[in-house]
Amino acid sequence: MGDETLGIILAGGRGERAKPLTLASADYIRSKALIPFVGRSVVEWLVEACRDQGIRRFYVIAQGAENHSQIKLVLGHGERFGVEIHYSRARLDRYNVGSGAATLHNLEQWDLTGRALVLPVDSVFEFDLNRLNDAHDAADAVVTVASVGRTPEEIAGKYGVMQTSPDGLVSGFVEKPTLDRVHRIFPETSLPSSVRTLPTNAGMYLVDCGRLRLAARNPEMIRLAQQRLDWGGDLLPWLVGRGLPVAAAPIDRLGDLGSIADYLATLGDVLGGRYRWMARAMGEPTSTDPPYWIHESSLRTKDSVTGTTLAQKISEGSVVIGPAVRIGRNAEIGPGVKLRFSDIGDGVDVDEGARLSRTAIGDSAVVGPYARITDSYVGPMARVHSERDNPVRLVHSAIGEAADLRPGTRLSGVSVYPRLRVPAVTGLPTGTHLTSSDDILHWI
């Protein structure tokens, strides 16, 4: 295939950190790859971003029934995207003990020898494949790690840091250091005027498949790959420790979707225009001052209170949209609604007087009158039965698919699992997870 770069999509894991977003019901896991994000599933964004940079063949390494079946239903064999997609064999799942082991085993299974871009399904990226290839060639690397620069304060306790030489080669890894340890290892960052960032692993890897397969035939690596072998914690340090060239190359931006807080932060960045490719893919905005996107079918939809279209209400000022709002198809927006930094899915009803900020509302959900929702996620088909004299208030909370909240509910930092009917509760401690009716009975 010449100089073709392949795409390898790592679709393992059960999305524990992102629950209830990764649940269709309390006992039915939704693949992380299918998390809805700005009108598409995450894996669709991933395939389209890679396709637009020239990748035409993809290999999906799936783990578990949810990932195998659900991803194939969305992507098929790539016909809709103009690409070719292959899938790992379910009978070989037992070898996928960690992201690194899964990659190595499937490189052998598919007999891949060229260059491949390995990507996770719980992130979105702004990257330039040509820049990654140039860095890879310059270092004659076996693996080039896509890196994102972060400040010591951002890194502390959350991200691993790569130690690099002036020629861009990785010499070591520091796993989730404390702030004090960052300053000790990188003393230049402790200077009062320092604004230096350090390279952190973005979870995207450009690999020379043939050379990586050769390295993986080392008896020690064979033993490791039979136990537990992750990319960041195991495979990369092993390669560097044996003197194999591993390079680091910066990309523009990484958006983590692995937790509700990270999902909402990334959503704000995307709607705020910080991902240039995604902004172009979303099409021309309906308005540029303030910036927002509204599907024409929603602009034409009349609400059930005044009988006027959304376009009319925006024009007369009875509905305030933006900045950084996306509204999908056939949404009904009532009078007096204010939306900021929010994503509204297809078929959603947002009733009179509701106010939403930094919030995602899933397809066909209903947000009742005068609800106040901030920094929260409301899943598809959920019902928020707010009333003018008894409004629902949600802050830093996540409401699962088809859950039902009664008027007067007030939640802060609470997760509600799918299909639960929640009475008017208040005062639940931050961090509470309502996973069953028994949990609800405990608090009422």
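Brief remarks on what is shown
- Under a 5 Å amide H cut-off, with hydrogens placed 1.01 Å from N, residue 37 pairs with 42 among residues at least 5 apart or on other chains.
- Here the chain is assigned +1 on the Cβ of each Lys and Arg and -1 on the Cβ of each Asp and Glu. Its dipole about the Cα centre then comes out at about 560 debye.
- Extension gain for the segment residue 134 to residue 287, taken as residue separation times 0.36 nm less the Cα-Cα distance, is 51.3 nm to one decimal.
- A straight chain from residue 230 to residue 389 at 0.36 nm per residue would run longer than the Cα-Cα distance by 52.0 nm.
- DSSP beta bridges in the chain [antiparallel fraction, %, rounded to 5]: 35
- Projecting the alpha carbon convex hull of the chain along each direction and taking the average yields 23.1 nm².
- Residues of the chain: accessible area per residue with a 1.4 Å probe, Å²: 43
- As computed over segment 356-438, the Cα convex hull volume per residue (Å³): 67
- Two-decimal Rg/Rh across segment 170-241, once Rg and the Kirkwood Rh are taken from alpha-carbon atoms: 1.09
- Charge sum, other residues only, whose C-beta stays under 14 Å from residue 196's C-beta, Lys/Arg counted +1 and Asp/Glu -1: -2
- Positive-end ranking of 86, 394, 441 along the dipole of the chain, with charges on Cβ about the Cα centre, is headed by 441.
- Calculated log₁₀ intensity ratio I(q)/I(0) where the Debye formula runs over C-alpha points of segment 261-369, q = 0.11, 0.12, 0.13, 0.23 Å⁻¹: -0.29, -0.35, -0.41, -1.31
- For segment 225-344, a crude dipole built from +1 on the beta carbon of Lys and Arg and -1 on the beta carbon of Asp and Glu, taken about the Cα centre, is about 100 debye to the nearest 20.
- When peptides 173-183, 346-356 are ranked by their average number of other Cβ atoms within 10 Å per residue, the highest-first order is 346-356, 173-183.
- Heavy-atom surface analysis with a 1.4 Å probe gives segment 141-295 a carbon and sulfur content of 51 percent of its accessible area.
- Measuring r between the beta carbons of residue 222 and residue 316 and using R0 = 56 Å, the FRET efficiency lands at 0.20.
- Computing Rg and the Kirkwood Rh from the Cα coordinates of segment 281-434 gives a ratio, Rg/Rh, of 0.97.
The values are calculated or read from the model by the stated rules, or taken from the named source; none is laboratory data. None of these values were measured; they are calculated from a predicted model. Virtual Cβ from ideal backbone geometry, glycine too; neighbours counted across all protein chains shown. To get the accessible areas, we keep the full protein, side chains included, count just its heavy atoms, and leave off ligands, DNA and RNA. Shrake-Rupley method; radii C 1.70, N 1.55, O 1.52, S 1.80 Å.
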